[in-house]
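Take a look at the structure below.
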């Protein structure tokens with residue numbers, strides 16, 4: 001189904017209610033789609049009950065909705081089975097789950113390979129694992145423009161490597177990772193591959209089988225769904241061999257005074273009451289996304305991105321961070337303006353109804369590699385249009401006048 | 001020029017540009033470095049304290065205009081004050097930002113931050129240099145002085 005961009009904005013309650021707002025911070029949080037919001041409200045008002053614990057009809061309706069949400073997430077990812085989908089609180093929780101659970105089988109001298117381009121949520125869990133177990137943590141460097149420097153792979157991904165854990169798309173530069181090359185290098189040495197898909201999911205459904213990876217993490221709030229829910233997908237045979245991370249109700253086989261056995265995945269990794277209504281809302285967002293004409297949306301996002309970059313090149317003292325526009329990019333554009341702090345830039349832009357984010361974007365190693373401590377970031381999603389880009393470029397004129 | 005509702009009053013820009021007290025003390029009795037981990041702002045403040053009063057103050061500030069202007073105000077006004085006086089100014093400034101109280105007595109220039117009352121996320125930008133100054137003064141009162149700068153993250157406000 002193809003949708004005209006103008007109608008897309010109207011499908012997002014917050015954007016529909018604030019036509020003057022130019023929201024360019026979707027890399028931090030995308031707006032929630034009306035269908036997702038409606039699904040949360042409908043669930044909470046008609047099916048609210050705990051899952052996996054009740055035999056009354058209301059509880060069974062909640063069970064059904066929750067498990068259907070799991071099946072939807074599996075279809076969105078093209079997973080083999082819904083049992084490979086674990087609901088978490090978000091991508092950060094998903095990544096920590098792998099670091100703790102898969103990581104518990106690693107030993108001193110084993111190697112985990114990450115990259116300089118990681119969000120802190122895919123950096124710090126591995127540093128903590130290194131402290132706990134003595135693994136080696138190797139870091140793929142980036143080129144001057146922030147793309148992963150894959151020339152270093154032969155020395156980094158060697159026989160000691162057990163896992164390659166990298167971002168699918170940078171939250172600062174929009175650079176997409178060459179996943180196929182990484183997967184090929186990992187497979188040669190028998191290492192597994194984890195993709196942090198936090199930034200990628202708002203740009204379309206994924207195909208974890210075609211990617212050839214082993215784990216995939218993402219957050220609901222970055223793909224037009226509610227906050228407080230995320231997904232970890234893992235290959236069934238890997239999940240089956242992994243111990244639980246969090247423990248409690250819902251994840252056990254049997255508990256006796258002496259010992260406890262674990263439930264099978266995915267329940268093994270969903271201790272306690274999961275984010276039920278949020279998962280149902282996320283499923284509604286994913287269903288909606290699967291109905292869209294993505295080639296058309298990608299073309300549109302790329303056009304807007306190009307328009308923005310062209311305009312930014314004309315701003316005096318502005319330096320773009322990241323690859324050239326000719327590289328494969330998600331519509332995320334970061335920049336710094338000589339002498340101006342991103343907080344001040346964003347504050348002035350806010351007065352002109354522009355929502356952008358300034359700071360280190362939880363990617364300090366990448367910022368350091370790009371030669372900047374902080375920067376301003378504009379991130380474009382499918383509901384943005386030319387007016388948003390023009391408003392930003394006009395807004396930067398105001399910034400230069402106001403802060404000069 | 002700007003209107004009275006603008007966060008970026010000319011006074012803020014002028015104070016930030018003047019950067020009073022920017023630099024490094026060769027001899028410091030107290031020294032502290034604070035970060036705002038959310039935005040990467042960083043302030044290092046050094047003080048030389050004798051008989052309980054600030055004899056010299058210097059700061060190195062990487063941050064936004066608000067943070068730099070606040071540090072500059074410290075550079076212009078803090079010499080001669082004691083720890084209790086600085087603490088009172090810092091508390092009063094926080095109250096001005098959060099509760100609408102008047103600018104701290106004796107520091108009229110801090111009224112330039114009154115428009116920041118409407119922007120809670122920016123309060124920490126204004127307060128960071130004062131918290132760094134307080135930390136430096138606390139260091140200074142410790143026995144066996146001449147400590148190095150400590151890396152400390154500013155607590156959220």
*asked:* Which one, A:113, A:40, A:315, has the greatest fluctuation when you compute a Gaussian network model over chain A with C-alpha springs under 10 angstrom?
replied: A:315
*Hey, what number do you get for chain B at 222 nm if only DSSP H runs of n ≥ 4 count, each worth -39500 (n - 2.57), divided across all residues, to the nearest 500?*
-12500 deg cm²/dmol
*Find the Rg to Rh ratio for the range A:1-116, where Rh is the Kirkwood radius over alpha-carbon pairs and Rg uses the same atoms.*
1.07
*What angle, in degrees between 0 and 90 and rounded to the nearest 10, separates the Cα long axis of helix A:124-133 from the longest principal axis of the Cα atoms of chain A?*
40 degrees
*Express the relative contact order of chain A as a whole percentage, based on alpha carbon pairs under 8 Å and six or more residues apart in sequence.*
23 percent
*Considering only DSSP beta bridges whose two residues both sit in the range A:37-290, what percent are antiparallel, to the nearest 5?*
45 percent
*Pairing the Cα long axis of helix A:91-101 with the longest principal axis of chain A, what angle in degrees results, from 0 to 90 and rounded to the nearest 10?*
40 degrees
*In percent, what relative contact order does the range A:9-141 have, based on Cα pairs under 8 Å that are 6 or more apart in sequence?*
14 percent
_Selected from B:130, B:15, B:119 as most flexible by GNM, with chain B as the system and alpha-carbon contacts under 10 Å_ = B:119
*asked:* Among DSSP bridges having both ends in the protein assembly as shown, what percentage is antiparallel? Round to the nearest 5.
replied: 65 percent
*With a ≥ b ≥ c taken as the square roots of the eigenvalues of the C-alpha gyration tensor of the range A:37-290, please select rounded if a/c is under 1.5 and otherwise prolate if a/b is larger than b/c or oblate if it is not?*
oblate
_the range A:24-80 - Rg and Dmax from Cα coordinates, angstrom_ = 14.2, 46
*What is the diffusion coefficient of the range A:270-404 in µm²/s, taking the Kirkwood radius over Cα pairs and the Stokes-Einstein relation at 37 °C with a viscosity of 0.692 mPa s?*
197 µm²/s
*Choose one answer from A:207, A:384, A:171: the residue with the largest mean-square fluctuation in a GNM of chain A with alpha-carbon springs under 10 Å.*
A:207
*What angle do you read, to the nearest 10 degrees and between 0 and 90, between the alpha-carbon axis of helix A:386-403 and the longest principal axis of chain A?*
60 degrees
*Under 14 Å from a point 7 Å along the Cα-to-Cβ line of residue A:241: which residues of the range A:152-196 have their amide N that close?*
A:162-163, A:190-193
*For residue A:256 and residue A:390, FRET efficiency with R0 = 51 Å and r from the beta-carbon atoms, rounded to 0.05?*
0.15
*Modelled label-to-label distance, residue A:291 and residue A:42, 7 Å Cα→beta-carbon offset: nm?*
1.0 nm
*Would you mind telling me the antiparallel percentage of the DSSP bridges in the range B:10-151, rounded to 5?*
90 percent
*222 nm [θ] for chain A, helices only, -39500 (n - 2.57) per DSSP H run of 4+, per residue, to 500?*
-11500 deg cm²/dmol
*Please express the Cα-Cα pair-distance distribution P(r) of the protein assembly as shown as a list of whole percents, one per 10 Å bin, running from 0 to the bin with the greatest distance.*
3, 16, 23, 23, 19, 12, 4, 0
*Please give the residues of the range A:67-95, grouped as numeric ranges, whose backbone N is less than 18 Å from a label point set 7 Å along the Cα-to-Cβ vector of residue A:273.*
A:67, A:87-90
*Give the relative contact order (percent, whole number) for the range A:194-333; include only Cα pairs under 8 Å separated by 6+ residues.*
20 percent
*Sequence of A:98, B:45 once ranked by neighbouring C-beta atoms within 10 Å, starting from the fewest*: A:98, B:45
*What is the Cα centroid distance between the range B:34-72 and the range A:284-323, reported in whole angstrom?*
40 Å
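A short reminder: the numbers here are calculations on the coordinates, not readings from a lab. As the structure is a computational prediction, the values presented were derived from the model and not from experiment. All Cβ positions, even for glycine, are placed from backbone atoms using ideal geometry, and neighbour counts span all protein chains on display.
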